[in-house]
Structure formats: structure tokens, C-alpha cells
Amino acid sequence: MMKISNKKIIITAIICIILISIAIAQKQVSTDTFYTIKIGEYINENGIWNLTEDPFSWIELPYTFPHWLYDFMMYQIYSIAGWTSIYISTILFTAILGILIFILSYKKSKNEILSGILSVLALYLIRAFCVARAQMISYAIFVLVILCIEEFLEKKKCIYAVFLPILSLILVNIHMGTWPFMFILFLPYFAENLSVKLLNIVNKFKSNKEYKKYIEKKEYDFYKIKLKKNENIIKLLIIMIISMSMGILTPTGISTPYTYLYKAMSGTTTDSIIEYTPANIESIYQNIIVFFGIALISFFTPVKLKIKNIFFYCGLMSMTLAQARHYSLFIILVTPIYVEILNEILNIYFKENLNISRKIINMVYTPIFIVMIMIMVSYKIYKPKLITKYISGRIVPIEATIWIKENLDYKNIKLFNEYNYGSYLLFNDIPVMIDNRAELYSPEFNTKTGKVEDGKNIFEDVVNKIEKNIDVYEYFKKYGVEYAILGRANWEFYNELETDKKHYEKIYPLEEKDIKQNNTFSVYKIYYDSEEK
């Protein structure tokens with residue numbers, strides 16, 4: 001039961017989390033969101049019975065819809081009030097995530113003040129990731145998974161065992177690419193119990209050797225590390241196996257959830273997409289320093305570190321060093337661990353101060369004062385968003401897209417486009433050569449025979465060859481490209497199309513009214529040697 005004296009503090013913390021969520025949620029639409037909404041519209045009109053063929057690229061390809069349920073949901077949200085409702089949903093998902101971090105931190109520490117402060121800080125640190133993407137729901141599900149595991153192991157209530165397969169079923173349909181990571185969250189609990197089991201085996205061997213009576217232990221303390229065996233661990237293993245079987249309950253194919261991540265990681269797309277590349281150690285060194293700082297403090301205090309928390313931290317850090325995209329997950333799941341350790345230290349040395357702090361915050365005007373301070377801080381963070389547009393013309397070709405739809409037979413042309421803005425063209429019903437669905441354009445996913453060598457490596461051709469200005473004309477010829485849309489950011493590529501008058505004719509922008517400061521995209525018609533210009 002929640003103590004009455006803590007209610008004001010908890011409510012104040014939740015209000016602060018909501019305020020920081022409003023401040024940090026990204027207003028400008030991510031390029032992924034364009035294809036997300038378009039796929040959702042496709043599913044809304046055609047159902048989920050054929051989610052194996054891509055309807056948006058003019059290069060006919062098989063496609064796996066890895067987050068079809070999220071796409072469908074976001075389309076329904078978009079249908080309410082356009083980009084405004086997408087933005088509101090981003091704020092809502094951010095707030096839900098922050099509140100769940102707070103709940104898990106409070107559950108581990110029973111310190112509502114520290115949980116509130118570090119939950120707000122965690123959200124601020126991951127602000128760049130708070131966008132309209134499926135990861136926001138994935139993160140929330142991961143926190144819920146840990147909550148359910150902890151509650152099941154401690155309270156042994158079957159309701160938490162039921163929740164885990166349900167969360168697995170939701171996650172595999174919401175964001176298939178992150179689904180395998182759910183089961184990594186089980187591993188520290190198994191590792192802790194296995195460690196106790198191994199130590200018991202060693203002690204049994206020693207007892208037999210020394211002719212002593214063997215006593216099985218459920219807990220071990222090694223100076224500053226403690227391990228504890230849980231009798232419910234076998235049941236948790238069974239629950240995990242049941243949760244893994246939820247992968248067959250998707251409309252994308254029985255085997256797809258079990259092979260999707262492997263295919264994605266074995267392809268060449270991971271070499272070119274920033275979020276798949278290894279993290280820069282400089283970007284996460286602060287967290288390494290913080291953890292080892294806390295660990296160092298614990299060596300000079302009576303605090304003991306739980307072995308499962310050490311497993312969690314090391315596992316998450318390894319994932320983050322391997323791929324930059326795991327940084328946000330690292331912050332989210334390590335925050336409750338920090339809260340738990342810091343709370344133990346504070347309770348040893350500053351318990352009276354904590355009680356005084358609770359009394360002060362529970363005074364009539366203190367919560368109002370804290371909220372007012374948080375409003376001012378949040379507004380300062382939010383203020384730049386007042387002039388931020390949902391869609392930036394410097395990132396996607398707004399004017400050029402309008403021109404293409406008004407002047408070309410856009411539904412039937414073979415248009416070359418670059419990777420980053422393909423989703424915007426797709427959103428506007430223009431068939432694309434490539435877009436942000438990187439896996440679709442790699443041979444591991446688009447092979448029709450099951451053999452990688454029979455697939456088309458469009459991603460490699462466009463991103464790693466054409467965009468680096470290697471035999472542009474030959475690759476256009478390879479795919480029979482008729483038109484090309486190109487941004488000036490890729491200067492060498494842009495300059496080649498501008499100077500080679502034999503093969504490329506600029507058809508937009510030509511008129512003065514179309515040449516604007518923020519219009520950085522041009523459209524070209526392509527002529528091959530056998531054609532007359």
C-alpha cells in the first residue's frame with residue numbers, strides 16, 4: 001500500500017514527468033513516420049491478409065511488415081488531426097515511458113523523491129529518441145517486462161505471469177525488430193540463480209572433501225556483491241518459453257519474427273545507418289563514470305551490489321557499445337538501478353534528512369513551488385518548438401514533390417531518389433526506388449527464392465555506390481531509371497547531373513518562382529545513349 005504521506009510527492013513527480021515530456025517530445029516529423037502512416041493506410045484499406053509484398057516501390061519486391069500494428073495505430077491517430085495528433089501522441093508515449101521508469105525505480109527503492117528526480121533526468125537524456133517511432137512503445141514494454149518479472153519473482157502472483165506472454169504478443173506485432181531483446185531482459189535473473197547453483201555445487205564438493213555437513217544456501221555475500229536464489233525461477237523459464245512462442249501469432253509469417261533480426265544484422269545496411277553503428281565511447285563515458293563512481297562509493301560503505309544489477313549494467317553497456325541505438329534503452333533500464341543503489345547509500349548516512357525532505361515536500365505550498373519551477377524549465381526547453389514546423393523543406397522535397405505530381409505521370413514513372421527522403425515521396429503516392437525501410441532493399445529480405453544471392457542489393461547500389469558518385473549513369477541504366485530527384489547536399493552527385501548535359505536534363509526548378517532559398521531539390525530527366533534528347 002502507498003503511504004498517505006507519500007501521495008503528494010508521487011503526484012508531484014508524475015506532474016513533473018508530464019511537463020518534461022511536453023518539453024522534450026520531438027515536434028518535427030521523423031522521416032520514418034511518413035512510411036509508417038502510409039503503411040497504416042494500406043493496412044486499413046486492404047487488411048492484414050497479404051503482408052508479404054511491398055506496394056510502394058516501383059521495383060517489385062517482397063516485404064516483411066515488421067511493425068504493422070504500430071503503423072496501423074499511427075494511421076488511425078493521424079486520421080484524427082493530422083500531424084498535430086501525431087505530435088500529441090509522441091508527448092503521450094513519452095510521458096507514459098517516464099511514468100513507467102518512475103514506477104520501476106520506486107518499486108526498487110521505495111524512494112519517491114530520488115525516483116522522480118532521476119526519471120526526469122533520464123527522459124531529458126534520451127530526448128533525441130522521443131520521436132514518433134515504434135521504439136517509444138518498445139521501451140515502455142521493456143520496462144513493464146522488468147516490472148512483471150520482479151513482481152512475479154517476489155510476490156509469486158500468477159497475474160504477472162499472464163502479463164508477460166501478452167506483452168510479448170503485443171511487442172512482436174508492434175516492433176518485431178526489438179522483440180528478441182525482450183528475452184535478454186530475463187537473462188540476469190537466470191544468471192543470478194545459476195551463479196548460486198554453481199556456488200552450492202562448489203560448497204557441496206568442499207563439504208564432502210572435508211567431511212563436513214553440507215548446507216544448501218539460498219544467498220551468498222562476497223564482500224560487496226550479493227546473490228540470492230529465487231524458488232520461482234523455473235516457472236519464470238517456462239513463462240519465457242511461452243512468451244517466445246507468441247512469435248507465431250503474427251500475420252507476417254510463422255518464421256519471420258525468429259529470423260528478422262538475424263537477417264537485419266547480417267546485411268550491409270547496418271554499415272551505413274548511423275543508429276546501427278557502434279557507439280562513440282565519448283558519447284557514453286559519462287554513464288560509465290557514474291556507474292563506476294557509484295560502485296566505488298559502495299566499496300567504502302556497507303552497501304552491497306546485487307549481482308543481477310551488475311549483469312544488467314554490463315549487458316546493456318555491451319549492447320550500447322555495439323550499436324548506438326541502444327543508448328536510450330541503456331539510460332531507461334539503468335536509471336532504476338542507479339536509484340536503488342543511491343537510495344541504499346542515502347538511507348545509511350542521510351535517513352533523517354530524507355524524512356525531513358519528505359515532510360518539506362508534503363507541506364501545502366512546496367509541491368506548487370516545485371511544479372512552477374518545472375514549468376519554467378520545461379517552457380525554456382519547449383520554446384524553440386513554437387516556431388518549429390512539423391515538416392522541414394530542407395529535409396524533404398516539399399515543393400519538388402508538388403511539381404512532380406502536377407507535371408509528371410508520377411504514378412507510373414521510374415524515379416530515382418535518395419534514401420533519406422524516399423518515405424516522403426511514398427507518403428505522397430509517388431513510387432520510390434528506395435526509402436527508410438532499409439531492410440526491404442537488402443537481398444536478405446527481398447530474395448524470392450530464399451537464397452541471399454538471388455536478392456537485389458538496392459540499398460548497396462543507392463547508398464554506398466550512387467550516393468558516393470560511383471558510375472551513376474551505369475546504375476541508372478541498370479534499373480531503367482527515367483527521372484531523378486536530388487538534393488544539393490550530395491554535391492558531387494548533384495554536380496555530375498548538372499554538368500553532364502548529354503544524359504541529364506534539369507526540368508525542375510526552372511522558373512524564378514520555384515527557385516527559393518529553402519528549395520534545395522532538383523528533378524532531372526534521364527536520356528540514355530540510344531535515346532534522342
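A full extension of the chain between Ser85 and Glu151 corresponds to an added length of 20.3 nm, given 0.36 nm per residue minus the alpha carbon distance. Taken over the stretch 307-428, the percentage of Cα pairs per 10 Å bin, counting from 0 up to the bin with the maximum distance, is 9, 17, 20, 22, 15, 10, 5, 1. Plainly put, the chain has a radius of gyration that is 1.04 times its Kirkwood radius, both from alpha-carbon atoms, as the Rg/Rh ratio. Computed in the context of the full set of protein chains, the accessible area of the chain at 1.4 Å probe radius has 63% of its extent on carbon or sulfur.
Peptides 23-36, 330-343 ranked from most to least packed, by the mean per-residue count of other Cβ atoms within 10 Å: 330-343, 23-36. Cβ-Cβ distance of Asn495 and Asp409, R₀ of 25 Å, FRET efficiency by 1/(1 + (r/R0)^6): the value works out to about 0.30. If R0 is taken as 22 Å, the Cβ-Cβ distance between Tyr528 and Glu53 corresponds to a FRET efficiency of 0.15.
Placing one equal scatterer on every Cα of the stretch 146-255 and applying the Debye formula, the log10 ratio I(q)/I(0) at q = 0.11, 0.13, 0.18 Å⁻¹ is -0.47, -0.60, -0.90. Most simply put, the chain has about 75% antiparallel DSSP beta bridges, counting only bridges with both residues inside it. Packing, as the average of other Cβ atoms within 10 Å across residues, places the peptides 195-207, 415-427, 212-224, 59-71 in the order 415-427, 59-71, 195-207, 212-224, highest first. Peptide packing: for 446-459, 8-21, 305-318, 376-389, the average count of neighbouring Cβ atoms within 10 Å per residue gives the ranking 8-21, 305-318, 446-459, 376-389, highest mean first.
Per residue, the solvent-accessible area of the stretch 1-111 (1.4 Å probe, heavy atoms of protein chains only, all protein chains present) comes to 41 Å². Were the residues from Lys218 through Lys380 laid out at 0.36 nm apart, the gain over their Cα-Cα distance would be 53.2 nm. Only DSSP H runs of four or more residues enter the estimate; each adds -39500 (n - 2.57), and after division by the residues of the chain the mean residue ellipticity at 222 nm equals -18500 deg cm²/dmol. Overall, the ratio between the Cα radius of gyration of the stretch 30-175 and 2.2 N^0.38 Å, rounded to two decimals, is 1.22.
Considering only Cα atoms, the convex hull volume of the stretch 50-123 works out to 145 Å³ per residue. Fully extending the segment from Asn44 to Lys110 would add 19.3 nm, taking 0.36 nm per residue of separation and subtracting the current Cα-Cα distance.
The values are calculated or read from the model by the stated rules, or taken from the named source; none is laboratory data. No experiment lies behind these values; they were computed from the predicted model shown. All Cβ positions, glycine included, derive from the backbone under ideal geometry; neighbour counts span all protein chains shown. Protein only, heavy atoms only, side chains kept; ligands, DNA and RNA dropped before computing areas. Shrake-Rupley method; radii C 1.70, N 1.55, O 1.52, S 1.80 Å.
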